1. Go through the range 11-35 and count every residue that is touching a residue at least 40 places away in the same chain (Cβ under 8 Å) and not small (Gly, Ala, Ser).
2. If Ala38 satisfies all but one of (1) in contact (Cβ under 8 Å) with a residue 12 or more places away in the chain; (2) open to solvent by 40 Å² or more (accessible area, probe 1.4 Å); (3) more than 13 Å from the chain's Cα centre (by Cα), what's the number of the condition it fails?
3. Taking the condition over 30 Å from Ser128 (Cβ atoms) and open to solvent by less than 30 Å² (accessible area, probe 1.4 Å), does Thr62 pass?
4. Go through the range 18-31 and give me each residue that's in a helix (DSSP H, G or I) and surrounded by fewer than 20 Cβ atoms within 10 Å (Cβ to Cβ).
5. Just to be sure, is Leu120 under 21 Å from Gly15 (Cα atoms), over 15 Å from the mean Cα position of the chain (by Cα), free of Cβ contacts under 8 Å to residues at least 40 places away in the same chain and open to solvent by 70 Å² or more (accessible area, probe 1.4 Å)?
6. List the residue pairs whose Cβ atoms are under 8 Å apart, where the first residue sits in the range 89-117 and is more than 14 Å from Asn66 (Cα to Cα), the second is part of a loop (DSSP other than H, G, I, E, B) and open to solvent by 100 Å² or more (accessible area, probe 1.4 Å), and the two are 6 or more positions apart or on different chains.
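The values are calculated or read from the model by the stated rules, or taken from the named source; none is laboratory data. Computed from a predicted model, the values in this text were never measured in an experiment. Virtual Cβ from ideal backbone geometry, glycine too; neighbours counted across all protein chains shown. Each accessible area value is taken on the protein alone, full model and side chains, heavy atoms only, with ligands, DNA and RNA left out. Shrake-Rupley method; radii C 1.70, N 1.55, O 1.52, S 1.80 Å.
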Amino acid sequence: MVSFEMNDRKKIGLGLTGFGILFSFLGIIFVFDKGLLAMGNILFLSGVMLTIGLKSTMQFFTKPKNYKGTISFGFGFFLVLIGWPVFGMIFESYGFIVLFSGFWPTLAVFLQRIPVLGWLFQQPFVTSFLDRYRGKRVPV
């Protein structure tokens, strides 16, 4: 069994990832503010790199089955940086879904076990929707 040691580098990485998600959310709320979106992208990517390590990050993004998601996410990142936030977020969203589609089943199980909100994700119509995509990747 692999143990997950939480050292200071990983704590900082999780913090940066969280701030990246927060800045991206605020950038969307404030009508696609390109500064907040760019800052959110940079914080998110640097947080992921600190959390799982540079080598693992590079291996994840350069897997042959992740090429389409990596290219889409990178192109969207570039569009946000040059000042086209709406189109950039569309490409980034698609890339994010393709890249992280293997984690959706794990996320669904986690959401069902949250004490307060878990009952919502355990309802028959929600579980049937989640079970439909469990164990499958988004078609690429």
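1. Step one: list which residues in the range 11-35 are touching a residue at least 40 places away in the same chain (Cβ under 8 Å), which gives 27-28, 32-34.
Now narrow it down to the ones that are not small (Gly, Ala, Ser): 28, 32-34.
Going through the range 11-35 one residue at a time, the tally reaches 4.
2. Condition (2) is where Ala38 drops out.
3. no
4. Gly18, Phe19, Ile21, Leu22, Phe25, Leu26, Ile28, Ile29
5. no
6. Gln112/Gln122
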